[in-house]
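Structure first, commentary second.
The values are calculated or read from the model by the stated rules, or taken from the named source; none is laboratory data. Everything numeric in this text was worked out from a predicted model, so none of it was measured. Positions of Cβ are generated from backbone atoms using ideal geometry, with glycine treated the same way; all protein chains shown enter the neighbour counts.
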């Protein structure tokens, strides 16, 4: 494929000013390392899949990542990465030929892979099949958690199990997405949150913009690739554009831990919720705060 010649001057975008991340320290008693966690959603209830990706890492892993990611943006004269726009050459990527977009994506993937290979980095992605969730909700009314609730508490549970109990989280969610609210609803009630197994691990919780948060752009790339793989892998569309949903998505699947929720998973969750056996119910305790299904399920705080 012939690349179209372009003028660097005409393609340059004003670069945002990035401030390095600063570590916060809990000074009460022993020092607690804060694990910085960035979360980004993908899809909605009109999509085939809806899900949440998160990447958590200590400060010493995020600083070299930010430096490498920023350098890649500057070399390609891009203000930020938005996978949805890059895929169709829209917005800041208008006029970018396929080869140019692939070169840009490959460099960013290299930076992302280096981050994922760094010790103590925890990447997680969970997707829910929307049609399966709709059918399960109908079959078990009031029992199945909402998709945002299901996704966010699965990711939080994964983080809590990955890191030692002494380590807490500073969490940033992308703006204008529903995943932040199921956590914030209870986390803001500090007297309750301090006693909760999962919420007590969160020291800071807020939303940020992908345009100025470099780690959020990496999570966007991670989320986009995984959901694109599951959405297109069994169709001719997957083979038509392997560089945008092909081998790199398969590599990400192999190098990270992910969960795809289908109907059987949701049915099992519902049966556990309704079980009289307390041991069985504890297996899904992570979803005890999910809105819309607490009335039918006894909750142990």
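How many residues, within the range 159-169, are more than 14 Å from the chain's Cα centre (by Cα) and part of a helix (DSSP H, G or I)?
Going through the range 159-169 one residue at a time, the tally reaches 3.
Rundown of residues vs (1) in contact with a strand residue (DSSP E or B) (Cβ under 7 Å, 6 or more places away or on another chain); (2) surrounded by fewer than 17 Cβ atoms within 10 Å (Cβ to Cβ), yes/no style:
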site	(1), (2)
71	no, yes
75	no, yes
88	no, yes
94	no, yes
110	no, yes
113	no, yes
128	yes, no
140	no, no
145	no, no
Might you check whether a residue that is at pLDDT below 95, under 30 Å from residue 45 (Cβ atoms) and under 17 Å from the mean Cα position of the chain (by Cα) occurs anywhere in the range 119-142?
no
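Taking the options 172, 150, 156, 127, name whichever one is under 22 Å from residue 210 (Cα atoms) and part of a helix (DSSP H, G or I). Reasoning before the result, please.
Numbers: 172 fails: part of a helix (DSSP H, G or I); 150 fails: under 22 Å from residue 210 (Cα atoms); 127 fails: part of a helix (DSSP H, G or I).
It is 156.
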All but one of (1) surrounded by 20 or more Cβ atoms within 10 Å (Cβ to Cβ); (2) at pLDDT 90 or above hold for residue 191; which doesn't?
(1)
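Can you confirm whether residue 185 is at pLDDT below 95, assigned to a helix (DSSP H, G or I) and in contact with a helix residue (DSSP H, G or I) (Cβ under 7 Å, 6 or more places away or on another chain)? I'd like the intermediate steps shown before the answer.
Numbers: at pLDDT below 95: yes; assigned to a helix (DSSP H, G or I): yes; in contact with a helix residue (DSSP H, G or I) (Cβ under 7 Å, 6 or more places away or on another chain): no.
In short, no.
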Could you please find all residues in the range 50-62 being assigned to a helix (DSSP H, G or I), surrounded by 14 or more Cβ atoms within 10 Å (Cβ to Cβ) and out of contact with any helix residue (DSSP H, G or I) (no Cβ under 8 Å at 6 or more places or on another chain)?
59
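Could you check the range 197-271 for helices (runs of 4 or more DSSP H) lying wholly inside it with 1 or more residues that are at pLDDT 90 or above, buried (at least 16 other Cβ atoms within 10 Å of the Cβ) and touching a helix residue (DSSP H, G or I) at 6+ places or on another chain (Cβ under 9 Å)? Walk me through how you get there before you give the answer.
Details: elements: 214-232, 236-240, 247-255.
By residue number, 214-232.
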Against the condition under 30 Å from residue 130 (Cα atoms), modelled with pLDDT under 95 and assigned to a helix (DSSP H, G or I), how does residue 105 come out, does it pass?
yes
